[in-house]
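This report concerns only the one structure given below.
The values are calculated or read from the model by the stated rules, or taken from the named source; none is laboratory data. Quantities reported herein were computed from a predicted structural model and do not represent experimental measurements. No Cβ is skipped: glycine too gets one built from the backbone with ideal geometry, and neighbour counts run over all protein chains shown. Note: areas computed on protein heavy atoms with side chains; ligands, DNA, RNA excluded. Shrake-Rupley method; radii C 1.70, N 1.55, O 1.52, S 1.80 Å.
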Amino acid sequence: MKRKRVGLTILAAVGALALLAVGVDAGAKKVSELWNGKPYPSADPAAVPRLLQERSQWAYDGLGLPPATAGAVHSSGMDTGACYYRGLRGFGHIDDARLDVVDFSLRWEVPGTPENTAREAEQRLRQRLERAGWKLTHDGNRTIEDFVELGYRYRQPGAEDHIDVRWNNRTTTLVVSVYAPCGQVRPGSLDTEAAKAGWSPTV
């Protein structure tokens, strides 16, 4: 009987230690999340450009531009932007960009786009975005004396992906930018050709 009680005592102690370990682990995770903030998802610098190229084609098709404009489309290639520390740690790194986390964007232009063509094309793409569930986050259509500016930005539902469209009567260049949100990348992975690839439309 005494041996049984000792066994139960040992089991209870082991259980208490296990619960304590779980509690300590959960507490450590909460402290880590509070300090570091929500972790960034990993990003593949080869896969993200392909996604933005596909999305650029989808947007180009949605604009419904005359087929002849395809040859005039100019893309400067994939670009990356700064992402910052999250959580309380960010207060010690204000304006310090993380070296291992970037966002991605692909910008392309259609120079010499007449105003009526730009208006109609932007409206067609706007309708396509809304049918696909994208949400308007900025509407930049305005006229100030003789300056006309058209444009908007839509965000993909449940994500931070954006499509930005701009045009003005000074440059007459229709500019489309597609964005993918911040993601953590492996060191050196941004130096590949796939990570810098540009884009041209298929008609």
Projected onto the charge dipole of the range 148-203 (unit charges on the beta-carbon of Lys, Arg, Asp and Glu, signs +1, +1, -1, -1), the Cα from I163, Q184, T202 with the largest positive-side position is that of I163
For L52, the accessible surface traced by a 1.4 Å probe with all protein chains present amounts, in square angstrom to the nearest 10, to 0
Probe 1.4 Å, accessible area per residue of the range 67-203, Å²: 56
Calculated SAXS-style log₁₀ I(q)/I(0) at q = 0.10, 0.15, 0.21 Å⁻¹ - the range 49-203, Debye, Cα scatterers: -0.41, -0.85, -1.32
